[in-house]
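The values are calculated or read from the model by the stated rules, or taken from the named source; none is laboratory data. A quick note: this is a predicted structure, and the numbers were derived from the prediction, not measured. Because the Cβ atoms are built from the backbone with ideal geometry, glycine has one as well, and the counts that use them run over all protein chains shown. Areas reflect the complete protein model, heavy atoms only, side chains present, ligands, DNA and RNA absent. Shrake-Rupley method; radii C 1.70, N 1.55, O 1.52, S 1.80 Å.
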Amino acid sequence: MSSLRTLAFLALIAGISGGQTSDCSHWGLLNHLKLTTRNDVLAMMRPVKNWTHATPVQMDMLLYGILEVDEKFQTVTSHVWIQMRWKNEFLTWNSSDFCGIDMLTVPRSMLWIPDVTIQEDASDSGSIQDSPHISLYPSGLVLANRRQRLTSTCQLRLYLFPFDVQHCNITFLSMNYDALILGTYYSGKILTSVSELTMVTEGEWQLKNIEITHYTITKVGTSHSRLVYMVKIMRKPMLYVINLIVPLFCLLVLDLATFFISDARGEKLSFKVTLLLSISVLLLILQDMLPSTEDSLPMIACYCIVVFTLVWISLLEAILVSFLMELDGYCFKEAQSAANAEVEIQLEANGHKEPAGAEESGRVRPAKGHLARDGPGDHDLLKLILEEVRAARQEAGGQHRDERKPGRYRRLAEIVDSAFFVLYFLTVVIFVVCMFKAGFQNYTANDNH
Ligand SMILES: *[C@@H]1O[C@H](CO)[C@@H](O)[C@H](O)[C@H]1NC(C)=O
């Protein structure tokens, strides 16, 4: 008897609890929402009871990473997470009727989803990863999440490269429905700070901030809502400073230093040519980074070209100086040989016969040879030789006077060299100061903007 009673009691408890579980399952709620069988109408139409009511859609976007900025193709590849929320007026329930269920997930394909796309999107379709489920809330709120490797087009302004700050717009719009009103749930400030917290990879970029605006375009009878995320990112310039700007500057300083190399036959020239080659290599690196589509030349390109031109001009000047030196040496030799020839002519004109081989080896020694061969005693001859030696000495003195003439080229070369050095030094200083000033001004203007 007692066992029967306990059995009945157990059965009662089981019955009660069974009833409770059926109430607390999602099944009952799905039944209530008429979602147990495929309800195509819910997937087809915009879920409003009055068609004239627009559907507000809130799009919150978080930036998870800045993967790549392509200066040549003018695209920015980022990793974003987008949460879309809107209201389905047919799917509401009272959570206390359903055991306190306050959230339900259903497959994405069962419900209508706003067709919001990104205007600047240039990525392949494979890069979008939709969550397979969407969440429903008692008030009819629907939440859909999506991750995307977003490649968006962005007009990159590279004038200040590598100190540039880029403003890129990500515009959300609906392709078909004009009854969507786009907005955001969170403010730009919150989204910026959350993005900064959750940012996984930034590469050479740093997220400055995200600003949000939305507006409506009204065209013949229809109005289109637009939501714009204005993302501001800043490049970390250190790599380019170390790789490009500092080496170029060092090469320029080296080129200035070459003016102190003694002009030892082409050594200076070959050094300068090496410098020019190094600069061309750096120019090649730069060419790989910057697009050829830029209207106004980036400042760094100007910098490179000016440095190249300066070194080139100084190379030309070195060639000129070395040419003048060469000319000077040539004139010296010419004058010397001319003087020699004159002496010989005079000697021959005086009726004296000398052996042909002695001409080049000097004037005193053949005289001595004569003396040795002819022997002492011929005083007239000795006197003649003395006179000739005197004449030769006079000639030599004349030649010394003439030497000043070829020496002029050397002096000219020295003057050109020092004048050019002063000019060059001033140009370099002015150039560097101007570059720095202009860059700084532009940078602060850009940063405040
Ligand atoms: C971004 O969008 C805003 C608002 O529409 C506009 O004022 C701004 O010029 C756009 N910026 C770029 C870089 O397109």
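Quick check: anything in region 248-264 within 16 Å of the ligand (Cβ to nearest atom) and among the hydrophobic types (A, V, I, L, M, F, W, C)? Outline the logic, then answer.
Initial filter on region 248-264 (within 16 Å of the ligand (Cβ to nearest atom)): none.
No, there is no match, as no residue in region 248-264 is within 16 Å of the ligand (Cβ to nearest atom) and among the hydrophobic types (A, V, I, L, M, F, W, C).
Sort out which residues of region 217-226 are away from the ligand (no atom under 12 Å from the Cβ) and assigned to a strand (DSSP E or B), and write them in order of number.
Taking region 217-226 first, the residues away from the ligand (no atom under 12 Å from the Cβ) are 218-225.
Within region 217-226, THR218, LYS219, THR222, SER223, HIS224, SER225 meet the criteria.
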Check: Pairs under 6 Å by beta carbon, first residue closer than 30 Å to THR77 by Cβ in region 216-238, partner open to solvent by less than 30 Å² (accessible area, probe 1.4 Å) and among the polar types (S, T, N, Q), six or more apart or different chains?
Finding: THR216/SER225; ARG226/THR171; VAL228/THR171; ILE233/GLN166
Next item on the list: Please go through region 162-201 and pick out each residue that is in contact (Cβ under 8 Å) with a residue 60 or more places away in the chain, within 16 Å of the ligand (Cβ to nearest atom) and open to solvent by 20 Å² or more (accessible area, probe 1.4 Å).
Entry: HIS167, ASN169, THR184
Note to self: If I filter region 414-422 for residues that are at pLDDT below 85 and not acidic (Asp, Glu), do I get at least one hit?
What the structure shows: no
Notebook entry, point to check: Any residue at all in region 306-328 that is under 27 Å from the mean Cα position of the chain (by Cα) and over 24 Å from TYR424 (Cα atoms)?
Noted result: no
Check: Inside region 291-303, can you point out the residues that are open to solvent by less than 20 Å² (accessible area, probe 1.4 Å) and either assigned to a loop (DSSP other than H, G, I, E, B) or farther than 17 Å from PHE249 by Cβ (or both)?
Finding: PRO291, PRO298
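Considering region 239-264 alone, what residues qualify as being touching a residue at least 40 places away in the same chain (Cβ under 8 Å) and not in a helix (DSSP H, G or I)? So that I can check it myself, show each step before the final result.
Step one: filter region 239-264 for residues touching a residue at least 40 places away in the same chain (Cβ under 8 Å), giving 239-241, 243-245, 248-249, 251-252, 255-256, 258-259, 263.
ASP263 - this is the single residue of region 239-264 that is touching a residue at least 40 places away in the same chain (Cβ under 8 Å) and not in a helix (DSSP H, G or I).
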Item checked: Candidate set: region 237-270, residues that are among the polar types (S, T, N, Q) and under 17 Å from ILE313 (Cα atoms); chosen: the one most open to solvent (accessible area, probe 1.4 Å) -> SER270
Note to self: Looking at region 208-215, can you tell me whether even one residue there is within 16 Å of the ligand (Cβ to nearest atom), over 23 Å from THR75 (Cβ atoms) and not hydrophobic (A, V, I, L, M, F, W, C)?
What the structure shows: yes
Checklist line | Selection count, region 149-159, where residues are away from the ligand (no atom under 13 Å from the Cβ) and surrounded by fewer than 20 Cβ atoms within 10 Å (Cβ to Cβ) | finding: 2
Notebook entry, point to check: Taking region 376-388, which residues are open to solvent by less than 100 Å² (accessible area, probe 1.4 Å) and within 12 Å of GLN346 (Cβ to Cβ)?
Noted result: GLU388
Next item on the list: Would you check which residues across region 314-343 are open to solvent by less than 70 Å² (accessible area, probe 1.4 Å) and closer than 22 Å to VAL432 by Cα and list them?
Entry: SER314, LEU315, GLU317
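Yes/no matrix, rows are residues, columns are (1) among the aliphatic types (A, V, I, L, M); (2) open to solvent by 100 Å² or more (accessible area, probe 1.4 Å); (3) in a helix (DSSP H, G or I):
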site	(1), (2), (3)
ALA413	yes, no, yes
ALA419	yes, no, yes
LEU423	yes, yes, yes
CYS434	no, no, yes
ASN442	no, no, yes
ALA445	yes, no, yes
Check: Among all residue pairs at least 6 apart or on different chains, which show Cβ distances below 7 Å where the first residue, located in region 139-154, is among the small types (Gly, Ala, Ser) and the second is open to solvent by 20 Å² or more (accessible area, probe 1.4 Å) and within 16 Å of the ligand (Cβ to nearest atom)?
Finding: SER152/THR75; SER152/GLU120; SER152/ASP121; SER152/ALA122
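Taking region 117-142 only, how many residues are closer than 17 Å to ALA43 by Cβ and either open to solvent by 10 Å² or more (accessible area, probe 1.4 Å) or not assigned by TED's automatic domain parsing to the domain that holds ASP97 (or both)? Step through it out loud before you land on a result.
To start, the set of residues in region 117-142 that are closer than 17 Å to ALA43 by Cβ comprises 130-136, 140, 142.
Filter again for either open to solvent by 10 Å² or more (accessible area, probe 1.4 Å) or not assigned by TED's automatic domain parsing to the domain that holds ASP97 (or both), leaving 130-133, 135.
Summing the residues that are closer than 17 Å to ALA43 by Cβ and either open to solvent by 10 Å² or more (accessible area, probe 1.4 Å) or not assigned by TED's automatic domain parsing to the domain that holds ASP97 (or both) in region 117-142 gives 5.
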Note to self: Criterion first (open to solvent by 30 Å² or more (accessible area, probe 1.4 Å), within 15 Å of the ligand (Cβ to nearest atom) and on the phi < 0 side of the Ramachandran plot) does TYR229 satisfy it?
What the structure shows: no
